[in-house]
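Report on the following structure.
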Amino acid sequence: GPPSGGPAPAGRGQHLPKDYLVESVLVTVFCCLLTGVIALIYSHETRAALSRGDMAQANVASKKAQSLVLFSLLFGLFASISWVIYVLVALYL
């Protein structure tokens, strides 16, 4: 049957690593500037490696971009929740 994770990609069946460019931009704007910018660098590196056919480097950069996007997201959530709690405490205590 088809491999898990949806339909098989067209072509050689080679699964291209995702560059996480959109996600990197979003977390940079909304969550954490520092880690978001680093994620952007790795997402660009993923694209560059793919364009020169370096699958190994593209996979490494893709994994790093994914990790940084997730970290930025969690950091952003933590910061937002902390801010909300701080404001509530400041208003009501």
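The values are calculated or read from the model by the stated rules, or taken from the named source; none is laboratory data. All figures in this text were calculated on a predicted structure; none of them were measured in a lab. So basically every Cβ, Gly included, is an ideal-geometry build from the backbone, and we count neighbours across all protein chains shown. SASA here: full protein model, heavy atoms, side chains in, ligands and nucleic acids out. Shrake-Rupley method; radii C 1.70, N 1.55, O 1.52, S 1.80 Å.
Place a point 7 Å from the Cα of His15 along the Cα-to-Cβ direction; which residues of the stretch 24-59 have their backbone N under 15 Å from it?
From the stretch 24-59, the list is 56, 59.
So for each of 57-65, 84-92 I average, over its residues, the number of other beta carbons within 10 Å; can you give me the resulting order with the highest mean first?
The most tightly packed comes first, giving 57-65, 84-92.
If you average 1/r over all unlike Cα pairs in the stretch 20-92 and invert the result, what Kirkwood radius do you get in angstrom?
Result for the stretch 20-92, one decimal place: 12.9 Å.
Quote to one decimal, in nm, the extra length available between Leu77 and Val60 on full extension: 0.36 nm per residue of separation minus the C-alpha distance between them.
That pair, Leu77 and Val60, stretches by 3.5 nm at full extension.
Of all the accessible heavy-atom surface of the stretch 20-92, with the other protein chains kept in place and a 1.4 Å probe, what percent is carbon and sulfur?
Carbon with sulfur: 75 percent of the solvent-accessible area.
When ligands, DNA and RNA are left out and all protein chains stay put, how many square angstrom of accessible area per residue does the stretch 20-92 have with a 1.4 Å probe?
Counting only protein heavy atoms, the per-residue value for the stretch 20-92 is 66 Å².
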